[in-house]
1. Can you tell me which condition ARG36 does not meet? The list is (1) within 16 Å of ligand 2 (Cβ to nearest atom); (2) in contact (Cβ under 8 Å) with a residue 60 or more places away in the chain; (3) under 18 Å from GLN79 (Cα atoms), and all the others hold.
2. Taking ASP141, is it on the phi > 0 side of the Ramachandran plot, in contact (Cβ under 8 Å) with a residue 12 or more places away in the chain and of a type in the set (D, E, K, R)?
3. Counting only residues that are open to solvent by less than 40 Å² (accessible area, probe 1.4 Å) and without any contact (Cβ under 8 Å) to a residue 40 or more places away in the chain, which one in region 45-54 is farthest from ligand 2 (Cβ to nearest atom)?
4. Which residue pairs have Cβ atoms under 7 Å apart, sit 6 or more places apart or on different chains, and have a first residue in region 198-212 that is assigned to a loop (DSSP other than H, G, I, E, B) and a second that is open to solvent by less than 30 Å² (accessible area, probe 1.4 Å)?
5. Tell me the residue from GLY140, GLY41 that is away from ligand 1 (no atom under 13 Å from the Cβ), farther than 22 Å from ILE17 by Cα, open to solvent by less than 40 Å² (accessible area, probe 1.4 Å) and out of contact with any Pro (no Cβ under 9 Å at 6 or more places or on another chain), please.
6. From the residues in region 142-162 that are assigned to a helix (DSSP H, G or I) and out of contact with any strand residue (DSSP E or B) (no Cβ under 7 Å at 6 or more places or on another chain), which one is nearest to ARG194 (Cα to Cα)?
7. Among the residues of region 117-137, how many are within 23 Å of ASN22 (Cβ to Cβ), within 16 Å of ligand 2 (Cβ to nearest atom) and open to solvent by 10 Å² or more (accessible area, probe 1.4 Å)?
8. Looking only at residues in region 96-128 that are more than 9 Å from ligand 1 (Cβ to nearest atom) and part of a strand (DSSP E or B), which one is farthest from ILE7 (Cα to Cα)?
Amino acid sequence: MERCTSIPNAMREALPILATLNEHGYEAVFVGGCVRDTVMGLALKDVDIATSATPEQVVALFAYCIPTGLQHGTVTVMQDGTGYEVTTYRKESVYEKHRRPESVAFISELKEDLLRRDLTINAMAMRVNGDYFDPYGGMGDIELKQVRCVGDAEARFQEDALRMLRALRFASQFRFRIVYRTWRALIKHRELLRYVAMERVQAELDKMIGGPAPHYAAALLAGSGLLAYTLEPLPGARALLAEAAKMERVQLDYLTTLRGTDIRYAALMTRPGVTQAEAKATLQALRMSGSRSSVIMAIVTLHHELLADRGLTGEKLRTSWIEAVLRYGRDAAESWLHIAEANGQEHPFSADVPSMKHWLSELEITSLKELAINGNQLAAYLDRKPGVWMGETLKRLLLLVALGELSNSQEQLQNQVDRWKEETDEP
Ligand code: ATP
Ligand code: MG
């Protein structure tokens, strides 16, 4: 039996909970992610506790607790302001629709509780004294850097199809390989992914794409073909799957240099073979929030607008670029440049990126609110009724200032409006 020589602080702080349970004759251990991360020397996210006490017995012992999911056996116990999930040892019955167990039964054996867990690296426990309990070989798999299902992989994926995505997610998070039997079972049962809610698909994809090895995640997703079997289609992933099917090595290492999950999504959605409409449909299918979607789609739309104008050079390219920057905003433009730079020679605008970057850095202003005049001032100056015309006029002024053809002073802007008025008798 191996022993942890120094229990991480995050777990140490929860020790009084385990001690209380032990003093009353119940077993209590740390389980799951916190044990795995301790073995791997990683920072802990949350600390989970498993116990032989029933939920009622747990509730009876602690003054401050929240019955989070009593029927599943989970009680959140408060300790020094932090909540810890304390879950009764349980085994799961027949699974409904390849996702959720129909019912759970509370049991007294830790070993049996660990048996229901998805991967060996997630099926280890640690006792109060630092002793590890690892009946399914999680430590050995960590040493060998591999992901393996607890027990029969085919059965585990059939019970709960989400585990297939979790297997790929943990493999990419830790850069582990997937053992042959687990991989084969995943390929065999991949069509069961349609039983997984799209929200859950998004949550796992976020961790893969936002994680330390998004290129490896993409290779696993493409290689397994898993994304072709989601409940709702993900057309933005089709190009990637097709490239993988042709056994071409898809070069996605550059994703790693992009900071942030959403800019990586934007990089994937602006790859050749993905249309703007497909990108949008993909984000919708993934139930991406409105704010994330608009950040990503601004970059995607800007990209397609530039593509439509491809081949421009010199001043024409500069004007087209500045117009796009004004339309989609400086943030989207900067993200687009980051993606293009990271993608290097492969990017359709690789030759133009240095100039575009320079032009962006020269831009004095990029938004209407930075303009030295606002709509109301404009209306007052012209003695006109406020209306939609104001926005149109301000945009024209913004473009001239951004192009460097007009300076951003109220007087100059008013003069320009006067000139337009003379030309057309209307500003
Ligand atoms: P993370 O660092 O992402 O939080 P974690 O291992 O803590 O990783 P959770 O989703 O928080 O993952 O789940 C806690 C534990 O519950 C896991 O370690 C695993 O033992 C078990 N578990 C979670 N989801 C499943 C599942 N779908 N099937 C079987 N066991 C699961
Ligand atoms: Mg967790």
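The values are calculated or read from the model by the stated rules, or taken from the named source; none is laboratory data. Note that the structure is a prediction, hence the values are computed from the model and not measured. Counting neighbours? That spans all protein chains shown, and the Cβs are built from the backbone with ideal geometry, glycine included. With ligands, DNA and RNA removed, areas are computed over all heavy atoms of the protein, side chains included. Shrake-Rupley method; radii C 1.70, N 1.55, O 1.52, S 1.80 Å.
1. Every listed condition holds for ARG36 apart from (3).
2. Numbers: on the phi > 0 side of the Ramachandran plot: no; in contact (Cβ under 8 Å) with a residue 12 or more places away in the chain: yes; of a type in the set (D, E, K, R): yes.
So ASP141 does not fit the description; no.
3. Within region 45-54, the subset open to solvent by less than 40 Å² (accessible area, probe 1.4 Å) is 47, 49-53.
Narrowing the set further to residues that are without any contact (Cβ under 8 Å) to a residue 40 or more places away in the chain leaves 47, 49, 51, 53.
Working: VAL47: 9, ILE49: 12, THR51: 17, ALA53: 21 Å.
Out of the qualifying residues, it is ALA53.
4. As it stands, the answer is GLY210/ARG264; GLY211/SER172; GLY211/ALA217, since those pairs meet every condition given.
5. GLY140
6. Step one: list which residues in region 142-162 are assigned to a helix (DSSP H, G or I), which gives 142-143, 153-159, 162.
Subset that is out of contact with any strand residue (DSSP E or B) (no Cβ under 7 Å at 6 or more places or on another chain): 142-143, 153-155, 157-158, 162.
Working: ILE142: 30, GLU143: 33, ALA153: 18, GLU154: 16, ALA155: 17, PHE157: 12, GLN158: 12, LEU162: 10 Å.
The residue in question is LEU162.
7. First, pick out the residues of region 117-137 that are within 23 Å of ASN22 (Cβ to Cβ): 117, 123-135.
Now drop any that are not within 16 Å of ligand 2 (Cβ to nearest atom), which leaves 117, 123-126.
Next cut, open to solvent by 10 Å² or more (accessible area, probe 1.4 Å) only: 117.
Looking only at that region, the number is 1.
8. Per the criteria, the residue is GLU96.
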